[in-house]
Amino acid sequence: MKTTGTLALAALLTIFPHPAHAAEKPNILFIMADDLGKEWIGCYGAEDIKTPHIDALAMGGMKFSNVWSMPQCTPSRVAMLTGTYPWRNGWVNHWDVPRWGVGYFDWSQKPNTTVARLLKDAGYTTTAAGKWQINDFRIEPQAMKHHGFDDWLMWTGCETNNPPSAERYADPYINTPQGSETRTGKFGPDLYTDHLIGFMKANREKPMFLYHAMVLPHTPLVATPDEPDAETDPQKHKAMVRYLDKQVGRLVAAIDDLGLRERTIIIFTSDNGSTNRITGTRNGREVKGGKAAKTEAGVCAPFIVNAPGLVPAGIETDALTDFTDLLPTFLELAGGKVPDDLEIDGVSIAPLILGKAGDTRREWIMALGHGNARLDQKGIRGVHDFASRVIRDKHFKAWVNTGKKIDQLYDLTNDPEENTNLLKGELDEEPQAALLKFQSIVDALPDNDARPLYEPRAPNPWDKKSGAGGKIK
């Protein structure tokens with residue numbers, strides 16, 4: 001069943017009444033794949049692979065078609081954690097803190113308050129597994145605790161001058177509250193899932209927030225334990241996606257076995273599009289991976305919500321939402337609210353998820369944050385004062401350049417591949433109105449994007465230095 005913003009709320013509630021037994025504080029399992037476009041998920045029309053476990057979540061839940069992540073890894077993660085756009089939080093470009101040093105995600109800054117900290121305040125016990133990469137655990141060994149996680153099992157990210165830390169798959173280099181070490185003979189994705197299952201078993205009587213920042217299927221492309229003979233990049237990529245789907249299945253099975261399914265909301269998504277080294281086939285057309293691009297293949301993420309008895313089943317929605325909406329959504333689902341003194345950009349979509357509304361309150365969404373960052377004498381900054389970005393409503397999409405002007409406009413309804421820039425011809429009334437609307441949104445934004453908030457610290461031997469244009473590579 002498909003829903004649109006025009007679907008009457010009364011009709012939705014008639015079909016899917018809000019259950020009286022809905023959990024007051026449901027568990028929230030947020031699964032975010034790393035570099036996975038829609039063209040590699042069966043329920044989104046993928047033709048080169050089968051993903052039965054993810055597809056089952058969509059069939060029994062709510063599948064979104066218009067959800068934007070940011071174009072690249074760190075901007076998506078910080079947007080999700082803080083509820084703010086990169087132009088506000090400063091992570092307008094990508095960098096790996098353990099590898100590049102200098103800046104970091106500073107828990108002491110009020111605007112860097114994470115959803116995990118707020119959910120703890122709302123009575124949740126919290127954990128994370130997979131990929132963090134926005135702190136350096138060598139000098140901030142309890143960073144995850146400061147950011148609101150009671151427990152964790154994370155790949156450290158590539159730490160400069162520490163070769164073992166490059167491994168996230170075979171023999172992964174893992175950080176826990178006890179420190180970092182190589183887990184010889186283990187396959188990272190198994191460990192991350194094992195940790196989450198163990199945490200659920202130990203805390204099943206408490207409301208839980210589980211953040212699974214998957215490492216799959218990010219490069220390096222590798223063979224998996226299930227398909228050790230995969231040799232070519234396409235073979236390895238498919239094997240990794242199938243292994244990712246298997247981990248989703250393991251988590252759902254554990255939730256079922258623990259009797260937690262009807263009070264656990266599962267969200268599955270991806271931080272950005274697939275690597276551009278790989279091309280998949282979706283709904284009869286080839287789609288090149290769009291990671292780091294502002295095309296729909298780069299920022300329009302898969303997004304599935306599932307919770308029998310809480311979330312209506314069999315729904316496909318064109319509702320607009322982006323990653324800044326996750327923080328207020330999780331808080332509303334948890335029975336909490338955003339503190340009055342915390343400025344965010346997101347809007348809760350909990351009413352839609354729970355079947356209390358037929359659409360979100362979003363009239364437009366935004367995505368920005370790609371490429372590598374830059375250093376100057378004051379620290380980390382974006383490559384440009386005003387980063388390029390994209391904005392869309394349900395019909396049109398605008399590309400905004402570094403001069404704060406719209407130079408591309410597309411009709412996504414009739415041109416989903418963004419082939420025809422409407423600004424190269426005479427505009428009809430509807431696209432002209434959209435152009436004016438989008439430009440007014442852009443005009444209201446600051447001329448200069450923020451810098452990430454962090455307290456300067458003593459330099460480390462591996463810290464990048466400003467010079468040669470200051471670009472971090």
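The values are calculated or read from the model by the stated rules, or taken from the named source; none is laboratory data. These numbers were taken from a predicted model, which means no experiment stands behind them. Cβ coordinates were reconstructed from backbone atoms using ideal geometry, including for glycine residues, and neighbour counts include every protein chain displayed.
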Within the range 256-289, considering residues that are surrounded by fewer than 23 Cβ atoms within 10 Å (Cβ to Cβ) and within 26 Å of residue 396 (Cβ to Cβ), the one nearest to the chain's Cα centre (by Cα)
269
Which of the strands (runs of 3 or more DSSP E) contained wholly in the range 246-318 include at least 3 residues that are touching a Pro at 6+ places or on another chain (Cβ under 7 Å) and modelled with pLDDT of 95 or more?
264-270
Can you give me the number of residues within the range 408-429 that are loosely packed, with under 12 Cβ neighbours inside 10 Å and either in contact with a strand residue (DSSP E or B) (Cβ under 8 Å, 6 or more places away or on another chain) or closer than 23 Å to residue 297 by Cα (or both)?
4
In the range 356-407, how many are charged (D, E, K, R), under 19 Å from residue 94 (Cα atoms) and surrounded by fewer than 24 Cβ atoms within 10 Å (Cβ to Cβ)?
5
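Give me the residue from the range 424-451 that is of a type in the set (Asp, Glu) and assigned to a helix (DSSP H, G or I) and, out of that set, farthest from residue 388 (Cα to Cα).
First, the residues of the range 424-451 that are of a type in the set (Asp, Glu): 426, 428-430, 443, 447, 449.
Cutting the leftovers down to assigned to a helix (DSSP H, G or I) gives us 429-430, 443.
Numbers: 429: 26, 430: 24, 443: 13 Å.
Residue satisfying both the conditions and the ranking: 429.
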Filtering the range 326-349 down to residues that are over 13 Å from residue 83 (Cα atoms) and either free of Cβ contacts under 8 Å to residues at least 12 places away in the same chain or in contact with a Phe, Trp or Tyr (Cβ under 8 Å, 6 or more places away or on another chain) (or both), which residue is surrounded by the most Cβ atoms within 10 Å (Cβ to Cβ)?
334
Quick check on this structure: which one of 111, 75 is in a helix (DSSP H, G or I), crowded, with 24+ Cβ neighbours inside 10 Å and in contact (Cβ under 8 Å) with a residue 24 or more places away in the chain?
75
Check the range 414-422 and report whether any residue there is within 19 Å of residue 362 (Cα to Cα) and touching a Phe, Trp or Tyr at 6+ places or on another chain (Cβ under 8 Å).
no
Going by the structure shown, is residue 183 without any contact (Cβ under 8 Å) to a residue 60 or more places away in the chain, buried (at least 24 other Cβ atoms within 10 Å of the Cβ), among the basic types (Lys, Arg) and outside the structural domain of residue 458 (by TED's automatic domain parsing)?
no
Does the range 200-215 contain at least one residue that is out of contact with any helix residue (DSSP H, G or I) (no Cβ under 8 Å at 6 or more places or on another chain), touching a residue at least 60 places away in the same chain (Cβ under 8 Å), under 30 Å from residue 352 (Cβ atoms) and buried (at least 20 other Cβ atoms within 10 Å of the Cβ)?
yes
From the list 356, 394, exactly one residue is under 27 Å from residue 286 (Cβ atoms) and touching a residue at least 40 places away in the same chain (Cβ under 8 Å). Which is it?
394
Looking at the range 431-473 only, could you name the residues that are at pLDDT below 85 and hydroxyl-bearing (Ser, Thr, Tyr)?
466
